[in-house]
Amino acid sequence: MTYIILAAGKGVKLQPLTLNHPKSLYKIDNETTILQRIVRKIRYFDIEAEIIVVVGYMYNQIQKELQDDNVKFVHNPFYSVTSSMGSLWFAKDYLQRENITVINGDIVLSDNLF
């Protein structure tokens with residue numbers, strides 16, 4: 001299955017908390033960010049998953065955070081003026097796949113949702 005994680009936004013509603021890093025990189029415990037948890041849970045339940053992360057705002061931080069997690073990145077250069085649907089458009093090549101799941105990169109899902 002292909003998973004597209006939307007993590008390009010600026011998190012304007014959470015400013016000033018998001019001025020130094022994207023909201024998907026907030027830690028939910030001492031070691032794990034929201035985005036890491038999503039990727040690791042996907043891998044736990046679907047070891048062969050293809051994971052695409054759409055990045056924009058502070059994308060270098062996200063790429064560094066997930067550099068060892070075998071994910072692909074798609075960049076939305078217009079993240080500051082687009083919504084989640086705009087970010088999804090940049091991943092349009094992956095939308096042609098058979099089985100796709102789209103996940104917002106700033107939500108904490110319970111295990112049973114995976």
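Residues checked against (1) in a loop (DSSP other than H, G, I, E, B); (2) surrounded by fewer than 17 Cβ atoms within 10 Å (Cβ to Cβ); (3) touching a strand residue (DSSP E or B) at 6+ places or on another chain (Cβ under 7 Å); (4) not basic (K, R):
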position	(1), (2), (3), (4)
N20	yes, yes, no, yes
V54	no, no, yes, yes
Y57	yes, no, no, yes
Q63	no, yes, yes, yes
D69	yes, yes, no, yes
Is it the case that the range 39-52 has a residue that's of a type in the set (D, E), touching a helix residue (DSSP H, G or I) at 6+ places or on another chain (Cβ under 6 Å), open to solvent by less than 50 Å² (accessible area, probe 1.4 Å) and closer than 19 Å to T2 by Cβ?
no
Give the residue that is surrounded by the fewest Cβ atoms within 10 Å (Cβ to Cβ), with candidates limited to residues of the range 71-81 that are in a loop (DSSP other than H, G, I, E, B) and touching a Gly at 6+ places or on another chain (Cβ under 8 Å).
P77
Filtering the range 84-114 down to residues that are among the hydroxyl-bearing types (S, T, Y) and closer than 15 Å to K23 by Cβ, which residue is surrounded by the most Cβ atoms within 10 Å (Cβ to Cβ)?
S87
What about V39, is it within 23 Å of D111 (Cβ to Cβ) and aliphatic (A, V, I, L, M)?
yes
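The values are calculated or read from the model by the stated rules, or taken from the named source; none is laboratory data. All of these numbers come straight from a predicted model, not from anything done at the bench. Quick reminder, even Gly has a Cβ in these numbers, built from the backbone with ideal geometry, and neighbours come from all protein chains shown. Surface areas here come from the heavy atoms of the whole protein model, side chains and all, with no ligands, DNA or RNA. Shrake-Rupley method; radii C 1.70, N 1.55, O 1.52, S 1.80 Å.
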